[in-house]
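Enquirer: Before we start, here is the structure in question, set down as C-alpha cells.
What follows draws every value from the coordinates through simple rules; no lab data is involved. From a predicted model like this one, the values you see are computed outputs, not experimental measurements. In this analysis, Cβ positions are derived from the backbone assuming ideal geometry, glycine residues included, and neighbour counts consider all displayed protein chains.
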Amino acid sequence: MQLQDTTDTTTLSYWLHWRVFLCAVLVLLPIVIALWIIWKREGYRHLTPEKGENQQDRNRIFRSDDTWKPCLKDIHPICLLVFRVLAFSLLLASLVAKILSNGVVMFFYYTQWTFTLVTIYFGCASMLSVYGCYQFQNSSSSTFNFSFAGTDAEQGSSTPLLNQEATNENRVISVWSYIVQVIFQMSAGAVMLTDAVYWCVIFPFLTIKDYNMSFMTVNMHTLNLLLLLGDAALNCLRIPWFRISFFVLYTGVFVIFQWILHAFIPIWWPYPFLDLSSHSAPLWYFVMALMHIPCYGLFLLIVEMKHYLLSRWFPSSQQC
C-alpha cells in the first residue's frame, strides 16, 4: 500500500510547524529516557564485577547459557536448535521472496525492519544453540557449569559477562549471548507493536480501497510473532521491564530515519499516522508511544506466565 502525500515534505515550512516540534518531543523524550535507563542499568560499570559485589545479583538478569538452554531438563538442546533452524529458514525465505518482488523499497516499512530483526535473531540464536549442544555433550569435562544435572539452583549456572577469570572464548560467547538476548527482548515488543498496529489500525480503518490482501502480507504480519512465541515457549530467556528501553530506541531510530528521508526526498509516508502535516499527528505519535508499554508488557506477561506454570507443573525439570 502506498499513500501519496499531498504536502511537499522537503519544504522548510513543513518542518517549522508547531505540530512537528510537538511530535519531535514525543519521539526524542522517550529516546533520552531509554538511553538513561540503559546507562543506569547496563553501563560498563554494571557489566564488570567489582570487589566485594554479589555476583549472584549480577547474573539474575543475564545468564549466557539461557540463550541455548531449553526451559525443561527433559528437552534436549537439539530440539531448540532444530526449531530455530527451521524458523530461520522460513523467515529468510519469506524475506528473500519479499525483496525479489518489491526490491529494497520494502525496508521503507517498520514491518520489514522488524521481520528482518527477528530473522537476525533466529540466525544468531541458531549458532548459539549449536555451541550449546556441543557444550551439553561435553558438560562433564567443560570448564562451564551449565546447570543441567547436579547443579545448585541457588548458585546458578551463568557465566558473568566479561568475567576476569573467563577465557577469551568464554568472553566472546558471553558478549554474543548478551547481544542475542537484547535482540530477542527488542523483537518481542517490536513484533507485538507491528502486528497490533496492522491488524487493529491499518487493516480495518486505513486500507479503504486499492489494497491487495496477499498471502505475503498476511505472512509478514503473523509468521514473525508465531515463531517468536514458539521460541519463547522453549527457551529460558526472560523479558525484564527495563529492556523496553532498547525497544523504544529501535522504534525511535525508525521514526528519525523516516524524518530524515522525507526531509530530502518527496516520498509518501509508509504509514498515514506518521504524516506530520495531519492535524491529529501529535495525538497519533502520543498513542504510538504509549502502545510500546502494553505491547512489551503483554509479551513479558506471556513469558512470566510460562515460567510460573512450568515451576508448578514441572518443578523438578524446570531449569530457568
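Enquirer: Between rounded, prolate and oblate, where does segment 186-320 land on the alpha carbon gyration tensor, with a ≥ b ≥ c its root eigenvalues, rounded for a/c under 1.5, else prolate if a/b exceeds b/c?
Expert: Prolate is the answer for segment 186-320, as a/c is 1.5 or above and a/b outweighs b/c.
Enquirer: What does the extension gain come out to for I120 and L261, with contour length at 0.36 nm per residue minus their alpha carbon separation?
Expert: This chain segment gains 48.3 nm when fully extended.
Enquirer: Can you check what the net charge comes to around K306, using other residues whose Cβ is under 12 Å from the Cβ of K306 (Lys, Arg +1; Asp, Glu -1)?
Expert: With Lys, Arg at +1 and Asp, Glu at -1, the neighbours total 0.
Enquirer: What is the gain in length, in nm to one decimal, between I99 and Q137 on full extension, counting 0.36 nm per residue of separation less the C-alpha to C-alpha distance?
Expert: 9.8 nm
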